[in-house]
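First comes the structure, then the notes that go with it.
The values are calculated or read from the model by the stated rules, or taken from the named source; none is laboratory data. Fair warning: this is a prediction, and the values are worked out from it, not measured in the lab. Cβ atoms come from the backbone with ideal geometry, glycine included; neighbour counts cover every protein chain shown. Only protein heavy atoms, including side chains, enter the accessible area calculation; ligands, DNA and RNA are left aside. Shrake-Rupley method; radii C 1.70, N 1.55, O 1.52, S 1.80 Å.
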Amino acid sequence: MQDHDNQLTVIFVYGTLKRHDCRHYLLKDSIYLGEAVTEPHYRLYNLGSYPGLIEVAKGFGISIEGELYAVTPECLFRLDEEEGVAEQLYERKEISLLSPHREVDSESYFHLGDVSEANDIGESWNVANSR
């Protein structure tokens, strides 16, 4: 992997891309930057075998726990494919993090579908949520 900072994108992952989950292998050539927590502007929903993150109106969100990775353009392409960006299942966009990562320019995948029938799972996804 080339280690040119300007070629890397920092991605916040909160579900099946996290360590020890089923899609983590997609991050095989990335750099793990540690655990991170979002600003309280989001909600996390159980969509079956994976979660969906959405941004909500001020005062209605909570902080979501996840992990940060610096990924290459090739890895980002794989992630966009897996997350269904072209099919508009998810959208990759900027996400706000709490300190010590507040100043880190990072992105995450936001679910674009209806979550009205889905269960809010709180601040953290784990494999048990999918059962």
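Taking the criterion of being farther than 19 Å from ILE31 by Cβ and buried (at least 16 other Cβ atoms within 10 Å of the Cβ), the residues of segment 71-90 that qualify are GLU83, VAL85, TYR90. Taken together, VAL115, VAL37, VAL85 contain a single residue that is out of contact with any helix residue (DSSP H, G or I) (no Cβ under 9 Å at 6 or more places or on another chain) and not in a strand (DSSP E or B), which is VAL115.
The residue that is surrounded by the most Cβ atoms within 10 Å (Cβ to Cβ), among those in segment 27-49 that are over 16 Å from ILE95 (Cβ atoms) and without any contact (Cβ under 8 Å) to a residue 60 or more places away in the chain, is SER30.
Summed over segment 82-107, residues that are farther than 26 Å from ASN119 by Cβ, modelled with pLDDT under 95 and within 14 Å of the chain's Cα centre (by Cα) total 1.
Please find, within segment 104-127, the residue that is nearest to GLU82 (Cα to Cα) out of those that are open to solvent by 70 Å² or more (accessible area, probe 1.4 Å) and touching a strand residue (DSSP E or B) at 6+ places or on another chain (Cβ under 9 Å). That would be LEU112. Residues that are charged (D, E, K, R) and closer than 17 Å to GLU103 by Cα within segment 24-64 comprise GLU35, GLU39, listed in sequence order.
Scanning segment 50-68 for residues that are in contact (Cβ under 8 Å) with a residue 60 or more places away in the chain and closer than 15 Å to TYR109 by Cβ turns up TYR50, PRO51, GLY52, ILE54, ILE64. Going by what's in this entry, would GLU94 be described as touching a residue at least 12 places away in the same chain (Cβ under 8 Å), part of a strand (DSSP E or B) and under 17 Å from ASN126 (Cβ atoms)? No, not satisfied. Would you mind finding the one in GLY66, GLY15, GLY59 that is out of contact with any Ser or Thr (no Cβ under 8 Å at 6 or more places or on another chain) and either acidic (Asp, Glu) or surrounded by 16 or more Cβ atoms within 10 Å (Cβ to Cβ) (or both)? Sole residue among the options that is out of contact with any Ser or Thr (no Cβ under 8 Å at 6 or more places or on another chain) and either acidic (Asp, Glu) or surrounded by 16 or more Cβ atoms within 10 Å (Cβ to Cβ) (or both): GLY15.
Being without any contact (Cβ under 8 Å) to a residue 24 or more places away in the chain and among the β-branched types (Val, Ile, Thr) is a description that does not apply to VAL104. Looking at (1) farther than 16 Å from LEU112 by Cβ; (2) free of Cβ contacts under 8 Å to residues at least 60 places away in the same chain; (3) of a type in the set (D, E, K, R), which is the one condition that is false for LYS18? Failed condition: (2).
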